[in-house]
Structures are given as C-alpha cells and as structure tokens.
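A.B. asks: My questions all concern the structure below.
The values are calculated or read from the model by the stated rules, or taken from the named source; none is laboratory data. Because the structure is a prediction, the values reported are computed rather than measured. Every residue, glycine among them, receives a Cβ derived from its backbone with ideal geometry; neighbour counts consider all protein chains shown. These accessible areas exclude ligands, DNA and RNA; they are computed on the full protein's heavy atoms, side chains included. Shrake-Rupley method; radii C 1.70, N 1.55, O 1.52, S 1.80 Å.
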Amino acid sequence: MSMIKTENLCKSFHSLEVLKNVSITVEQGEVVCIVGPSGAGKSTFLRALNNLETINSGKIYIEDVLVEDRDNILTNKVKLPKAQRLAIMLELGMVFQRFNLFPHLTSLENIMIAQTQVRKRSEAQAREKALALLERVGLTDKADEYPNKMSGGQQQRLAIARALAMDPKVMLFDEPTSALDPELVGEVLDVMKDLAKDGITMVVVTHEMGFAKDVADRVIFMDDGMVLEDAPPSEFFTNPKNERLREFLRRILTKEQ
Amino acid sequence: MDNLQKMLTWMPSLLKATEITLLLSILSTLTALFFSVFLALGKISKRKIISKLTGAYIFFFRGTPLLMQLFFIYYTLPQLLPAFNIKSRFFAAWLAFSLNIAAYLAEIIRAAIQSIDKGQFEAAKALGMSYSQTMRLIIIPQAYRRMIPPICNEFVMVLKDTSLVSIIAVVDLTYQTKMIASQRANSLVYIPAMLIYLVITAIFTFIFNKLEEKLSVYE
Ligand SMILES: Nc1ncnc2c1ncn2[C@@H]1O[C@H](COP(=O)(O)OP(=O)(O)OP(=O)(O)O)[C@@H](O)[C@H]1O
Ligand SMILES: [Mg+2]
C-alpha cells in the first residue's frame, strides 16, 4: 500500500507553471527527501498534498484513497463526505519552515488545542499526550513557556510535537531547518532522525544533504517544476544520472567546502 | 467672579445632560462592537454575496455624513415605513450611531484580522481545524490586541460626535448647553460645557492608555 501517490500534478500561479506533471509515490514507512534549487516547486508540491494549494490538474491518493482528481482548478471530481476528508487530511502532519506556532498559546496549549477541538479528546487525555510529546522532543521544561520566548530550534521541535499530536501517518517537512541558526540545526535533525527510526513515513524538503544521505530511503531531485531524479541516496549522490542534478550537486558540494 | 458663580449654578443641569452623552456613546459603541464582528467576518468571507453586501453596508455608512444618517432614521424612515415611526429621540440616535460606528469598527476589526500572518491560518488548517475554529481560537485572540487601540480612538471620536444628536433635540450635553445659552441669553455656558467634554475625553484616554500598556506587555 502506498501512503501517498500523485499522478501528473500540475499547478500554475497565473501564467507561471510551478508543477509540471509531478508523479511521486511514497510507500509506508519510507523517508523521502526532496531537494532542488530555489523556485523548483518543492514547497508547492508539499502544500498541494495538504490542500494548502489547489492543484490545476492531476490526481492525489492518500493511503490508496483518491482525494483529488482535477482537470481544472475549480472542480474536484472526488466528492468525499466531510468527515472522511478530514480524517484523511489528518493522516498528514505538516511542519513549516517558519514554525507557524500559535504565539498566544503556551507550548502545552499549542499541542493540545487541535487535539481537543479536532480529535475531540478530553482535556486530560490531550494534556497527557502533549506532555509525552514534549518529553519526546526534549522540551519538558518549556511546557508553560510561550513560543516567542524560545529559541528557533526549540520552536521547531515544538512544531513537530504539535503535528505529531494528531497521530498522523505521514509527516511533511518543508525546509524545517532553513530558518535556524546553524548551531540549532542539529537538535531538530536529531528529533527527525528519531521519528524516522520509529518508522513514521516522512516527506522532507531540505537543503541538508547530510540528512538526506544518512536518513532517506529515496531522494528526489526537483527542478523547474519537474521530478528529474528519484533514487536511493547511494545512487543519488554517487551516480546521479540527470545532468542538472550533477550540476546542482557540484554547486552544493563546492559551497559546503 | 459673578461669571464664575453663574457657571457653577449651571453645572448640575450640564452634568445631568452629560449622563445622556455618556450613555449614548457607551451604548452605541457596545452595540456597534457586537454587530461589527459579524460585518468584519462578512467582509472577508469567501462568499462573494456576503462580502459584497457587507462591503456595501460599510461603504454606505462611511460614505455619507452621520448627521444625514441621523435625519434619515428619525425623519425619512417613518415616512417610508409608518411602522418604523421611532417615537423616542434617544432610541433613534442610538440606532443611527450604532449603525454608523459598526461600519468603522468593522474596518478596524477586518484590518486587524488580515494583519495576522497567513501561516497561522495554514497551521490551523493543517491541524484539521475548521474555519470557525481557526477564527475563534487562533486568529481573533491574536487580532484583538491589535484592535484595542484603534477601537479606543474611535470611542473618543464618538464621545464628541454625539453632540450631533442635539439637532434632533436629544437632551445631551450640547443640547442642554444651547438651551441655557438661549434661555439665559448668556453664551458663557459654552466654556464649562467644553471643559466637561475635555475632562471626559481625558479620563477615557487615560484609561485606554493604561489598557494598551497592559496589553503590550504580552506581545
Ligand atoms: N502564492 C504564490 N503566488 C505566486 N507565485 C508563487 C506562489 N507561491 C510560490 N510561487 C512561485 O512558484 C515557484 C515555486 O515556488 P516554491 O515555493 O514551490 O519553490 P521551492 O522549490 O519551495 O523554493 P525554495 O527552495 O525557495 O523554498 C516560485 O517561482 C515562486 O515564486
Ligand atoms: Mg520552499
């Protein structure tokens, strides 16, 4: 069973084509990293999965259930009952580059609010789960702190805990470490590695090539709205087939030195 | 000395009328506040009809003079619809002010809501929260801090604008002042009257400044 499958996703902003027939499959338990230059459409792809962007055409399956089927931006041919659509969307957790934590709520409340409102858990259940998650991401002592009082790395770990609280089957990460000071990147990547070890399915847009090499089952190279390479990291980094990917890796490696 | 004496004897009736000024300002602003939340949500609604209708309402009440709106409700409406014969002048004033202030407050609230980072809506959506849950629990609690200063400002404007109701003979501070001036043939009465306006705006400005200070602590 595939966790996520897209067929020929296309997305334009006005006349700018951002996704051009993107077809990607993510199997259960896989960690897939997506890399590529700025403007390649990586974020747009991730956001389309989560319905934060409406695609112009193509199909999206989540756990083999067709959720989007469009030939134009206005009509989705799939009509699912609201509750089922919500249930499917909750299978996907999202972590944003800029955290998007709720600044008027404490850490604990950030993790509890959707549990009580959307999952309809009791206050006590939600709190128990939130405390367990705070411990998991190493923020036990920050339970009553407001996000603005925390470091970037702590905020991103909190955002990961908030997404996990909904028990998603897939976690989507959009450059989770790009807004962080270099010395804070490691603590977030460690939490993500931990998740990968636990077997949760992950789709990670990232510039952290080390993470992709070590953790990913597959690495996808996107450029100009297209998937140009899709291979296990061993092949992807040592024997890239696509010319633009070779160029991309050359540039990155010289920059890293 | 003689003048001061006179001014002091006018004071009780002026203060009595001040109660009406205050009552009208506070009642109208509170009514408008309630109403304006719906107007603001309507204005940003994705449903075209709703946003067009609320937009038209706001445009109308901000685009015509308040005094005309007052006349319209007190004189024109009863002529058009006899059932709408508003007997109480105070009620007509209250209605006109509430409708008018609501339009201004709606714009304040809309601007505050739209000043909240789009990422907040996206995070809430990604967590499966509905539009109304997002508004109620995420957006409005953040936006309301940004609304307080302009709403307070608006209230101070309203305090002074209520002097317009003297024209339809609601016995507010302005009306009472005019009465004294003409009955006693003494225009000195405008001095204590203006001082009263100054004192109440000063008091409210002081309270609101304190409130803003307190709110900004949490930003
Ligand atoms: N809401 C939008 N309106 C118009 N254009 C947009 C919008 N969002 C993205 N774009 C454009 O779509 C293109 C792809 O954007 P996207 O954010 O998906 O790229 P990306 O691969 O994530 O790049 P980055 O590495 O910089 O995050 C860019 O040219 C961007 O300017
Ligand atoms: Mg991006």
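A.B. asks: If I fit a long axis through the Cα atoms of helix B:89-114 and take the longest principal axis of the Cα atoms of chain B, what angle between them do I get, 0 to 90°, rounded to 10?
C.D. replies: Once rounded, the angle reads 30 degrees.
A.B. asks: Which value results for Rg/Rh of segment B:39-149 when Rg is the Cα radius of gyration and Rh the Kirkwood radius based on the inverse mean 1/r?
C.D. replies: Over the Cα atoms of segment B:39-149, Rg/Rh equals 1.11.
A.B. asks: Hey, another quick one. So, counting K/R as plus one and D/E as minus one, what does the shell of residues with Cβ under 10 Å around A:ALA161 add up to?
C.D. replies: +3
A.B. asks: Using modelled backbone amide H atoms (1.01 Å from N, in-plane), which distant-in-sequence or interchain residues come within less than 5 Å of A:ILE200's amide H?
C.D. replies: Hits under the 5 Å cutoff: none.
A.B. asks: Put +1 on the Cβ of each Lys and Arg and -1 on the Cβ of each Asp and Glu in chain B; which of B:LEU22, B:ILE49, B:LEU66 then has its Cα farthest toward the positive end of the dipole?
C.D. replies: Ranked along the dipole, the leading option is B:ILE49.
A.B. asks: Now a separate question. What's the average, rounded to a whole number, of partner chain beta-carbon atoms within 10 Å of each residue's beta-carbon in A:115-121?
C.D. replies: Across A:115-121, the average partner-chain Cβ count within 10 Å equals 3.
A.B. asks: Using alpha-carbon positions, what is the distance between the centroids of segment B:1-43 and segment A:207-246, in Å?
C.D. replies: 70
A.B. asks: Might you work out the accessible area of A:LEU245 for me, using a 1.4 Å probe with all protein chains in place, and round it to the nearest 10 Å²?
C.D. replies: The value for A:LEU245 is about 0 Å².
A.B. asks: Which percent of the accessible area of chain B is formed by carbon and sulfur heavy atoms (probe 1.4 angstrom)?
C.D. replies: Carbon-and-sulfur percentage of accessible area, whole number: 69.
A.B. asks: With a probe of 1.4 Å, find how much accessible area chain A has per residue, and write the answer as a whole number in Å².
C.D. replies: 44
A.B. asks: Mind pulling the per residue volume of the convex hull built on the Cα atoms of chain B? Å³ is fine.
C.D. replies: 135
A.B. asks: Shifting gears a bit: With a 1.4 Å probe and all protein chains kept in place, how do A:HIS14, A:HIS207, A:HIS104 rank by accessible area, largest first?
C.D. replies: A:HIS14, A:HIS207, A:HIS104
A.B. asks: Rounded to the nearest 20 Debye, what is the dipole magnitude of segment B:2-216 about its Cα centre when Lys and Arg each give +1 and Asp and Glu each give -1 at the C-beta?
C.D. replies: That gives a dipole near 600 debye.
A.B. asks: As a test, work out the antiparallel percent of DSSP beta bridges whose residues both lie in chain A, rounded to the nearest 5.
C.D. replies: Given both bridge residues lie in chain A, the antiparallel proportion sits at roughly 55 percent.
A.B. asks: So what's the gap between the Cα centers of segment B:154-208 and segment A:102-116, to the nearest angstrom?
C.D. replies: Spelled out, the Cα-based centre of one part sits 48 Å from the other.
A.B. asks: Can you order the peptides A:106-118, B:161-173 by their average number of other Cβ atoms within 10 Å per residue, highest first?
C.D. replies: A:106-118, B:161-173
A.B. asks: For chain A, modelled as a GNM with alpha-carbon contacts under 10 angstrom, which of A:LEU184, A:LEU74, A:LEU172 fluctuates the most?
C.D. replies: With Cα springs under 10 Å in chain A, the top fluctuation among A:LEU184, A:LEU74, A:LEU172 is at A:LEU74.
A.B. asks: Pop out the ³J(HN,Hα) list for segment A:185-200 in order, Karplus 6.51 cos²θ - 1.76 cosθ + 1.60 with θ = phi - 60°, rounded to Hz; leave Gly and Pro as x.
C.D. replies: 4, x, 5, 6, 4, 4, 4, 5, 4, 4, 4, 4, 4, 6, x, 6
A.B. asks: For chain B, what is the accessible area per residue in Å², given a 1.4 Å probe and the full set of protein chains?
C.D. replies: I get 55 Å² per residue for this part.
A.B. asks: Looking at this model, which pairs from A:LYS129/B:LYS46; A:LYS79/B:LYS48; A:LYS42/A:LYS193; B:LYS118/B:LYS210; A:LYS42/A:LYS120; A:LYS11/A:LYS149 are more than 27 angstrom apart at the alpha-carbon?
C.D. replies: Distance filter (> 27 Å) returns A:LYS129/B:LYS46; B:LYS118/B:LYS210; A:LYS42/A:LYS120; A:LYS11/A:LYS149.
A.B. asks: Ignoring ligands, DNA and RNA, how do B:LYS125, A:LYS11 rank by accessible area with a 1.4 Å probe, largest first?
C.D. replies: Heavy-atom accessible area, descending, gives B:LYS125, A:LYS11.
A.B. asks: A further question on this structure: To the nearest 20 debye, what charge dipole does the protein assembly as shown have about its Cα centre, counting +1 at the Cβ of each Lys and Arg and -1 at the Cβ of each Asp and Glu?
C.D. replies: Dipole magnitude for the protein assembly as shown comes out near 2120 debye.
A.B. asks: I'd like the interface area for chains B and A: accessible area of each alone minus the complex, both sides summed, 1.4 Å probe, protein heavy atoms only. What is it in Å² to the nearest 100?
C.D. replies: 1600
A.B. asks: Which far-off residues, 5 or more places away or on another chain, put their amide H under 5 Å from the one on A:MET94, with H placed in the peptide plane?
C.D. replies: Answer set, sorted by chain and number: A:LEU172.
A.B. asks: At 1.4 Å probe size, with no ligands or nucleic acids counted, give the accessible surface of B:CYS152 in Å², nearest ten.
C.D. replies: 10
A.B. asks: Residue by residue through segment A:22-31, what is 3J(HN,Hα) from phi via Karplus (6.51 cos²θ - 1.76 cosθ + 1.60, θ = phi - 60°)? Round to whole Hz and write x for glycine and proline.
C.D. replies: Result, rounded to whole Hz: 7, 10, 9, 10, 10, 7, 4, x, 7, 10.
A.B. asks: Another question, then. Taking the Cα atoms only, what angle lies between the long axis of helix B:2-43 and the longest principal axis of chain B, rounded to 10 degrees?
C.D. replies: 20
A.B. asks: Would you mind giving the three semi-axes, in whole Å and largest first, of the ellipsoid equivalent to the protein assembly as shown according to its Cα gyration tensor?
C.D. replies: Over the Cα atoms of the protein assembly as shown, the ellipsoid semi-axes are 60, 25, 19 Å.
A.B. asks: Which net charge results for the neighbourhood of A:LEU66, defined as the other residues with beta-carbon distances under 10 angstrom from its beta-carbon, given Lys and Arg at +1 and Asp and Glu at -1?
C.D. replies: Taking every other residue near A:LEU66 into account, the sum is -1.
A.B. asks: What's the angle, to the nearest 10 degrees (0 to 90), between helix B:140-161's Cα axis and the longest principal axis of chain B?
C.D. replies: Once rounded, one gets 20 degrees.
A.B. asks: From other protein chains only, count the Cβ atoms within 10 Å of every residue's Cβ in B:125-138, then give the mean.
C.D. replies: 6
A.B. asks: Additional query: What list of ³J(HN,Hα) couplings, whole Hz, do you get for segment A:46-61 from phi and the Karplus terms 6.51, -1.76, 1.60, once you set θ to phi - 60° and write x for glycine and proline?
C.D. replies: 4, 5, 5, 4, 9, 6, 7, 10, 8, 6, 7, 7, x, 10, 10, 10
A.B. asks: Another one. Run the accessible area of segment A:1-76 with a 1.4 Å probe and give the carbon-and-sulfur part as a rounded percent.
C.D. replies: C and S fraction of accessible area: 45 percent.
A.B. asks: Here's another thing I want to ask about it. Pull up all non-local amide H partners of A:VAL227: gap of 5 or more, or a different chain, and H-to-H distance under 5 Å with H placed in the peptide plane.
C.D. replies: Hits under the 5 Å cutoff: A:SER23.
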